[in-house]
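**Q** Sharing a structure, written as C-alpha cells. Questions coming.
The values are calculated or read from the model by the stated rules, or taken from the named source; none is laboratory data. Everything quoted here is computed from the prediction, not taken from an experiment. Every residue, glycine among them, receives a Cβ derived from its backbone with ideal geometry; neighbour counts consider all protein chains shown. Note: accessible area is taken over every heavy atom of the protein model, side chains too, but ligands, DNA and RNA are not part of it. Shrake-Rupley method; radii C 1.70, N 1.55, O 1.52, S 1.80 Å.
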Amino acid sequence: MQITQNTAVTLNYTMFSAEGEVIDQNQQPIVYLHGGYDNILPAVEAALDGKVVGDKVSVTLAPEEGFGEFDPEFVREEDISAFPPDIEVGMMFETREPETGETMQFRVTAIDAGVVTVDGNHPLAGMTIRFDAEVLEVRAATDEEVVHGHVHGEHGHHH
C-alpha cells in the first residue's frame, strides 16, 4: 500500500544537524496520519507521499521548513522569585498570554544572580536539519482517526 491521503504511517527516523551529528532519533516507531493533519513536518510528509513499506527518504530542511527561525524576542529574563524553588536549567514552563489566551512553552536556559533566562524558541529553531526516515508500515486510517485527525492505538494517540 502506498502512502496517500488518510493513511496511517509507521516509521523510524533520525534527525541530523547540518554538521551530520544526530540530534534526535525515535526510540519506538512513530505513527502519524498522512494528509495535511500537521502531525509531521510538511516537507517530510511531501517526501513520504507515494512511498511504500521499506522505502527510505532523506529531507534537508531549512529553518523555515523545519522548526522556524530563531526569534530573539522569545528569550526573556525574569526574576527568580517568579519560579519554584527547585528551578533548574532545562526545565519547561507554559505561560498564557492574557490578551490572546495563547499558550507558549519556555525552556530555562540559564540561572544567574537571581535572574532566570527562558527561551520560547523550539530547541531546533534556526537550524538546518536533515530528516531521514524509513517506512515500516502503511495502512488505511479508520474513520475515527480521520475525524480526530490523528492515529489511535499502539504508538498513536490514546484517549
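**Q** Is it the case that some residue within region 47-62 is within 19 Å of Ser17 (Cα to Cα) and charged (D, E, K, R)?
**A** Checked against the condition, which is being within 19 Å of Ser17 (Cα to Cα) and charged (D, E, K, R), region 47-62 yields at least one hit.
**Q** Within region 7-21, restricting attention to residues that are assigned to a strand (DSSP E or B) and small (Gly, Ala, Ser), which residue is farthest from Glu134 (Cα to Cα)?
**A** Ser17
The rows are residues; the columns are (1) in contact (Cβ under 8 Å) with a residue 24 or more places away in the chain; (2) in a loop (DSSP other than H, G, I, E, B); (3) open to solvent by less than 30 Å² (accessible area, probe 1.4 Å).
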site: Met1; (1), (2), (3): yes, yes, no
site: Gln5; (1), (2), (3): yes, yes, no
site: Ile23; (1), (2), (3): yes, no, no
site: Tyr32; (1), (2), (3): yes, no, yes
site: Val53; (1), (2), (3): yes, yes, no
site: Gly68; (1), (2), (3): yes, yes, yes
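**Q** Is it the case that some residue within region 130-153 is touching a residue at least 24 places away in the same chain (Cβ under 8 Å), over 30 Å from Val44 (Cβ atoms) and β-branched (Val, Ile, Thr)?
**A** no
**Q** Across region 34-50, what is the total count of residues that are open to solvent by less than 20 Å² (accessible area, probe 1.4 Å) and within 19 Å of Thr60 (Cα to Cα)?
**A** 2
**Q** Continuing with the same structure: Could you list all residues from region 77-105 that are in contact with a Ser or Thr (Cβ under 6 Å, 6 or more places away or on another chain) and open to solvent by 90 Å² or more (accessible area, probe 1.4 Å)?
**A** Across region 77-105, the qualifying residues are Glu77, Glu94, Arg96.
**Q** Let me ask another. Tell me, which residue of region 113-149 that is in contact with a strand residue (DSSP E or B) (Cβ under 9 Å, 6 or more places away or on another chain) and charged (D, E, K, R) is surrounded by the most Cβ atoms within 10 Å (Cβ to Cβ)?
**A** Within region 113-149, the match that is surrounded by the most Cβ atoms within 10 Å (Cβ to Cβ) is Glu145.
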